[in-house]
Each structure stands twice: as structure tokens, then as C-alpha cells.
1. Could you list all residues from segment 24-55 that are under 17 Å from L113 (Cα atoms) and open to solvent by less than 30 Å² (accessible area, probe 1.4 Å)?
2. Test each condition in (1) more than 16 Å from L124 (Cβ to Cβ); (2) open to solvent by 60 Å² or more (accessible area, probe 1.4 Å); (3) not β-branched (V, I, T) for A65 and report the one that comes out false.
3. If only one of Q88, Q21 is open to solvent by 40 Å² or more (accessible area, probe 1.4 Å), out of contact with any Pro (no Cβ under 9 Å at 6 or more places or on another chain), among the polar types (S, T, N, Q) and closer than 14 Å to D3 by Cβ, which one is it?
4. How many residues does segment 93-102 contain that are open to solvent by less than 10 Å² (accessible area, probe 1.4 Å) and in contact (Cβ under 8 Å) with a residue 60 or more places away in the chain?
5. Only residues that are within 18 Å of V31 (Cβ to Cβ), open to solvent by 70 Å² or more (accessible area, probe 1.4 Å) and at pLDDT 95 or above: list them for segment 112-129, please.
6. Considering only residues of segment 72-85 that are out of contact with any strand residue (DSSP E or B) (no Cβ under 8 Å at 6 or more places or on another chain) and open to solvent by less than 70 Å² (accessible area, probe 1.4 Å), which is farthest from M48 (Cα to Cα)?
7. Among helices (runs of 4 or more DSSP H) lying entirely in segment 1-102, which contain 1 or more residues that are of a type outside the set (D, E, K, R) and under 13 Å from L128 (Cβ atoms)?
Amino acid sequence: MTDVFISYSHKDRDWVSTSLQRKLEEHGFSVMIDSRDFRAGSFSIEEMQRGVLESRHVLLVLTPAYLLSEWSKFENAMAQTLDPGAAQRKLIPVLREACDIPLRLSALHYRDLRGDDEEQWNLLFRDLM
């Protein structure tokens, strides 16, 4: 089982790959991300489902672009379906840019990574253990 599946908007790809993914892997977490781990020739929806099902956590990279993406909505809805009461903390939101977080996601505590606050990064690493 993978530690983390990253759900993000492709408009945020640079930060996700150069910062988030890199830091997670440097701290020993196994990461599933579409750009590297989705299999060629497969249906995107099935790969998203595989990411959600085969990962302990789904990180939501919250930005305005993420919240406008239908694909992102689909990924986080699948994950929330598996853990509607958040007992397993399947969904872990990460706030990358200020945005209006939908009610169903705003009930979840998030890590604020809008800056490069080392304390917030360390809390995220702890959350994923």
C-alpha cells in the first residue's frame, strides 16, 4: 500500500512535483502521483480509483484551480466516500493558496503550506505516519 496519493490541479504541477512530492519522498513516504504512476493506456478514472484505494491517505492540494477541477472533485469525493466520518483520516487537505473551501471539505483540519513554514511541514509528516 502506498502512503500518499496526491490529488491536485495540473495548474499546480510545478509546486507539487518540485516541493510537495520531493519533500514527502525525502522523508521516506511512498507517493503515488498521476504524472509518474498512472499506467499508459489505462482509463484515468480507473487510475484515480486505484490511487484512492491503494493509498493510506489522499492529499488534497487546495488552490482555486483545484476547486474548479471536475477531476479533482471526483478524486476527493471517492476518498471521502471511503471514510465519510474521517475516522481513518483518509483525506488530508493541504492549503496551498487561499480559496473558498467547500463545506464538505472545510470540516476537515488542513495543513497550511501557503508559506514555507517548517512547523506546518513537520506536522504534515507526522499526520502521514
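1. Residue satisfying the conditions is L24 alone.
2. Failing condition for A65: (2).
3. Sole residue among the options that is open to solvent by 40 Å² or more (accessible area, probe 1.4 Å), out of contact with any Pro (no Cβ under 9 Å at 6 or more places or on another chain), among the polar types (S, T, N, Q) and closer than 14 Å to D3 by Cβ: Q88.
4. Residues meeting the conditions: 1.
5. N122, R126
6. Here is the first cut: in segment 72-85, the ones out of contact with any strand residue (DSSP E or B) (no Cβ under 8 Å at 6 or more places or on another chain) are 73-74, 77-78, 81-82, 84-85.
With open to solvent by less than 70 Å² (accessible area, probe 1.4 Å) added as a condition, the list becomes 77-78, 85.
On the way: A77: 11, M78: 9, G85: 21 Å.
Looking at residues that are out of contact with any strand residue (DSSP E or B) (no Cβ under 8 Å at 6 or more places or on another chain) and open to solvent by less than 70 Å² (accessible area, probe 1.4 Å), I get G85.
7. Working: elements: 21-26, 34-37, 44-53, 64-68, 70-82.
It comes to 21-26.
Okay, residues lined up against (1) over 20 Å from Q120 (Cα atoms); (2) small (G, A, S):
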residue	(1), (2)
F29	no, no
R50	yes, no
S55	yes, yes
W71	yes, no
A87	yes, yes
L103	yes, no
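The values are calculated or read from the model by the stated rules, or taken from the named source; none is laboratory data. Because the structure is a prediction, the values reported are computed rather than measured. Neighbour counts run over all protein chains shown; Cβ positions are idealised from the backbone, glycine included. Each accessible area value is taken on the protein alone, full model and side chains, heavy atoms only, with ligands, DNA and RNA left out. Shrake-Rupley method; radii C 1.70, N 1.55, O 1.52, S 1.80 Å.
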